[in-house]
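**Q** Please read through the structure below; I'll follow up with questions.
The values are calculated or read from the model by the stated rules, or taken from the named source; none is laboratory data. Because the structure is a prediction, the values reported are computed rather than measured. A quick note on method: Cβ atoms are made from the backbone with ideal geometry, for glycine too, and the neighbour counts reach across all protein chains shown. For the accessible areas, the whole protein counts, side chains as well, though only heavy atoms, and no ligand, DNA or RNA atoms are used. Shrake-Rupley method; radii C 1.70, N 1.55, O 1.52, S 1.80 Å.
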Amino acid sequence: MTNVEQLTYMLETILLKPLKSDSHMSEGAIVAEQELVLNAQRDEQAFAMLYDRYFEGIFGFVYRRTDDEALTSDLVSQVFLKALQNIKKYEYRGLPFSAWLYRIASNEINRYFRKHNKVKVFSLEEGRVAELIDEADENNEEKIALLMTCLKELSTSVMEVLELRFFEEKSFKEIAFILEITESGAKMRTYRALEKLKDQFDIKIADSNG
Amino acid sequence: MGKHEIKLRRKSMTSRKIERHKNYAQLMNKHHKTQRTKRIIQWLILVFVFLLGLFVLYYSLIRKPKTTSTIHHHQTETNVNTTT
């Protein structure tokens, strides 16, 4: 099967669907979480609650961007250290506390790659990628491989937005805060990326929230 | 063109694996260590500023009498000139 044939085949079959997850926090939960943050601002021992709550999420995010367990461990430790050192400067902006941690993590990752002059990595879980593809059939691996090639062609800044949107399931407001861009900028990057992907795939996205 | 690498991972990180990297005690130790270093640096800066202030004050006090004495000397010289 040639590349063109493959693309024509893909055009008919690939569908992206929303992930089955309830990672989005309700407004009430965000406000309730602020109580924990306020406690941590008053007493640093109370930071342990936030550490326990977000360690796994931040670790997963950093690991996806480094593909190195030991390095991830160091960077995550650095992220929480910075958060602890600057917790008094934290201001509530109607976003979950995790957005602030993701922002620190994103900056730490970028700093690491800049300092070591390395090529940035996006290490995506096959299971999660397969979850994004609607129908599971025998050609799934081929579809995934082609999707990977297409994602490699996108710019890194666009990939950062896509990763946060479809793998971390963040709202555009959160993505904008994490990447220090505007909300419309985050939306634009996503839609541009999807437009590019639509040239090769038939993409359907249930993009209701955020 | 992308300036990044895309990798596909067969296995995802399990909660159990991630849990092994958790070490809150170590984090707190690091935090206290950096806080101590910060405090020492702040204290050193404060001492330096204080010493600098003392130094400036000392020189301004030393110079002042010199300038007044020269003025005084100059004035007496002119007085002498006018009387003669």
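**Q** Across peptide A:105-114, what mean number of C-beta atoms from other chains lies inside 10 Å of a residue's C-beta?
**A** Mean inter-chain Cβ contacts per residue within 10 Å come to 0.
**Q** Per the Debye formula with a single identical scatterer at each Cα and no solvent contribution, what log10 I(q)/I(0) holds for the stretch A:47-132 at q = 0.17, 0.22, 0.24 Å⁻¹?
**A** Relative scattering, expressed as log10 I(q)/I(0), comes to -0.74, -1.09, -1.21.
**Q** Is there a simple number for the mean count of other chain Cβ atoms within 10 Å of the Cβ of residues in A:70-76, and what is it?
**A** Mean partner shielding for this stretch: 2.
**Q** Counting only residues 5 or more places away or on other chains, whose amide H sits under 5 Å from the amide H of A:Glu125 once H atoms are built in the peptide plane?
**A** B:Arg9
**Q** Take each of the peptides A:44-50, A:84-90, average the number of other beta-carbon atoms within 10 Å over its residues, and list them starting from the highest.
**A** Output ranking for A:44-50, A:84-90: A:44-50, A:84-90.
**Q** Averaged over A:39-46, how many beta carbons belonging to a partner chain fall within 10 Å of each residue's beta carbon?
**A** The per-residue average across the peptide is 1.
**Q** Another question about this same structure. As a quick test, which of the pairs A:Lys82/A:Lys196; A:Lys170/B:Lys11; A:Lys152/B:Lys11; A:Lys120/B:Lys11; A:Lys170/B:Lys17 have an alpha carbon distance above 28 angstrom in this structure?
**A** In this structure, A:Lys82/A:Lys196 exceed 28 Å between Cα atoms.
**Q** I've got another one for you. Using a Förster radius of 30 Å, what is the FRET efficiency between B:Leu52 and A:Lys89 based on their Cβ-Cβ separation? Nearest 0.05, please.
**A** The computed FRET efficiency comes out at 0.55.
**Q** Express in nm, to one decimal, how much length is gained between A:Glu35 and A:Glu69 on full extension, taking 0.36 nm for each residue of separation and deducting their alpha carbon distance.
**A** Here the segment from A:Glu35 to A:Glu69 would lengthen by 9.0 nm.
**Q** Follow-up question, since we're still on this one. So for each of A:164-175, A:101-112, A:30-41 I average, over its residues, the number of other beta carbons within 10 Å; can you give me the resulting order with the highest mean first?
**A** The most tightly packed comes first, giving A:164-175, A:101-112, A:30-41.
**Q** Hey, another quick one. If you find the alpha carbon centre of the stretch A:106-122 and of the stretch B:1-43, how far apart are they in angstrom?
**A** So the separation of the two Cα centres works out to 14 Å.
**Q** Just read off the accessible area of B:Thr34 with the full protein assembly in place, 1.4 Å probe, to the nearest 10 Å².
**A** 50 Å²
**Q** Using a 1.4 angstrom probe with every protein chain in place, what is the largest-first accessible-area order of B:Trp43, A:Trp100?
**A** These residues rank, largest area first, as B:Trp43, A:Trp100.
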